[in-house]
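These notes are about the structure you will find just below.
The values are calculated or read from the model by the stated rules, or taken from the named source; none is laboratory data. In this text the structure is predicted, and so the values were computed from the model without any measurement. When we count neighbours, we look across all protein chains shown, and the Cβ atoms used for this are built from the backbone with ideal geometry, even at glycine. Note: accessible area is taken over every heavy atom of the protein model, side chains too, but ligands, DNA and RNA are not part of it. Shrake-Rupley method; radii C 1.70, N 1.55, O 1.52, S 1.80 Å.
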Amino acid sequence: YYNPTVDGKPAKVLAAKAGLNRFGVEGLEKGDHTLTLSKRTEGFQGLAVFKGLELGEKTELIPLPSPPQRKVEIIGASWVNGYGNEGVTYGKCDNLTAVSNVDLSFSVLLAKDLGAQYHVTAVSGRGIIRYYGDPKPRSDDTMPNDFGRLLFNRADSKWNFKSWVPDAVVLNLGLNDYSSEPHPDDREFILGYTAFLGRIRGHYPQAEIFCIADEGWPYYKDKVLEAIQARTQARDARIHFIGYPGFETKDLGCDWHPNTASDRVLAGILE
C-alpha cells in the first residue's frame with residue numbers, strides 16, 4: 001500500500017498487486033506540480049520495485065527543491081512504523097496491512113514537525129535480544145541483527161551507513177523484549193542495549209541519541225536507564241532518556257498499538 005500526495009494534498013491510497021502496476025494522476029492543470037509517493041507498510045508486508053514515471057506529452061521533470069538540512073533516524077519496532085494505527089478498534093484487525101500507515105506514525109510526524117529528513121528503521125515484533133512471542137528468552141531475530149540491512153527481507157543486502165548520517169537518533173526498543181513471557185535475562189538485556197547504543201554511536205559519532213520507553217508496564221524503563229548510564233560512564237554524553245505515558249484503551253488501534261491520535265501525542269512529547 002502506498003500514499004500518493006499531489007501538491008501537498010493526499011490522494012487515494014494505492015494498493016499494489018503482484019506483477020506490474022500502473023497508477024495514473026489525472027486532472028492536473030497546466031503548470032508545476034509535486035508528487036510524493038511513500039510506502040505505508042513495512043518490509044514483511046511486501047517487497048516492491050519502483051519502476052519510474054511515465055510522463056504525458058509536453059511534460060517534463062523539473063529539478064527537486066533542496067531537501068531539509070536536518071536528519072533524524074527513528075529505530076524500533078511496530079510502534080515506530082505505524083502498525084495498525086488507522087484501526088478503529090484496540091483488538092485484532094482483519095485488514096491490518098490496509099490500516100497501517102507510517103506517514104501518520106509518531107516517527108514521521110516528529111520528523112516533519114522538526115523540518116527534517118527522516119529514515120524509519122523498524123520491524124514489528126523486534127526487540128534488543130528477543131522478539132515478541134518467542135517461546136525462548138533469547139531470539140535470533142532482533143533489531144540489532146536487522147540494523148545493517150538495506151532490505152529487511154535479505155540478510156545479504158548491506159546498508160551504507162556513510163550515505164546518510166542523521167543529526168539525531170530516536171531509539172524505541174525493549175517493549176517486545178518484556179511484553180510477553182518468558183522475559184529475557186535482565187543483565188543480558190542491559191548488556192545488549194548498551195552494545196547497540198555503542199554500535200549506533202560508532203556509525204554516527206556526532207548524533208544526539210534519544211532513548212524512549214514506556215513509564216509503566218511492562219516495566220523495562222529502569223533497564224534502559226542502566227544502559228544509558230553505562231554509555232555515559234564510557235564518556236558518551238550525547239545519549240538522553242525520554243519517558244512516555246501508557247495509553248488508555250480508547251487511544252489504541254490494532255493489536256493494542258497507538259492509533260493516529262496517540263501517535264500525534266507521542267510526537268509532541270518527543271518534539
Name the one entry in Lys112, Lys92, Lys136 that is without any contact (Cβ under 8 Å) to a residue 60 or more places away in the chain and either among the polar types (S, T, N, Q) or part of a loop (DSSP other than H, G, I, E, B) (or both). Lys136
Can you spot a residue in the stretch 106-125 that is within 16 Å of the chain's Cα centre (by Cα), charged (D, E, K, R) and loosely packed, with under 15 Cβ neighbours inside 10 Å? yes
Hey, can you tell me all the residues within the stretch 1-36 that are open to solvent by 70 Å² or more (accessible area, probe 1.4 Å) and under 22 Å from Trp79 (Cα atoms)? Tyr1
Could you go through the stretch 37-52 and let me know if any residue there is out of contact with any strand residue (DSSP E or B) (no Cβ under 6 Å at 6 or more places or on another chain), without any contact (Cβ under 8 Å) to a residue 60 or more places away in the chain, charged (D, E, K, R) and surrounded by 10 or more Cβ atoms within 10 Å (Cβ to Cβ). no
Restricting attention to the stretch 238-261, report how many residues are out of contact with any strand residue (DSSP E or B) (no Cβ under 7 Å at 6 or more places or on another chain) and open to solvent by less than 20 Å² (accessible area, probe 1.4 Å). 2
Has the stretch 73-92 got any residue that is aliphatic (A, V, I, L, M) and surrounded by fewer than 18 Cβ atoms within 10 Å (Cβ to Cβ)? yes
Selection status of Arg235, exposed (fewer than 15 other Cβ atoms within 10 Å of the Cβ), more than 18 Å from the chain's Cα centre (by Cα) and more than 20 Å from Gly125 (Cβ to Cβ): yes
For the stretch 213-228, name all the residues that are open to solvent by 20 Å² or more (accessible area, probe 1.4 Å), at pLDDT 95 or above and touching a Ser or Thr at 6+ places or on another chain (Cβ under 9 Å). Glu226
Being more than 19 Å from Ala267 (Cα to Cα) and either without any contact (Cβ under 8 Å) to a residue 12 or more places away in the chain or open to solvent by less than 30 Å² (accessible area, probe 1.4 Å) (or both): is that true of Pro182 here? no
Residues to consider are Asn172, Asn160, Asn145, Asn153; find the one that is within 21 Å of Arg40 (Cβ to Cβ) and open to solvent by 70 Å² or more (accessible area, probe 1.4 Å). Asn153
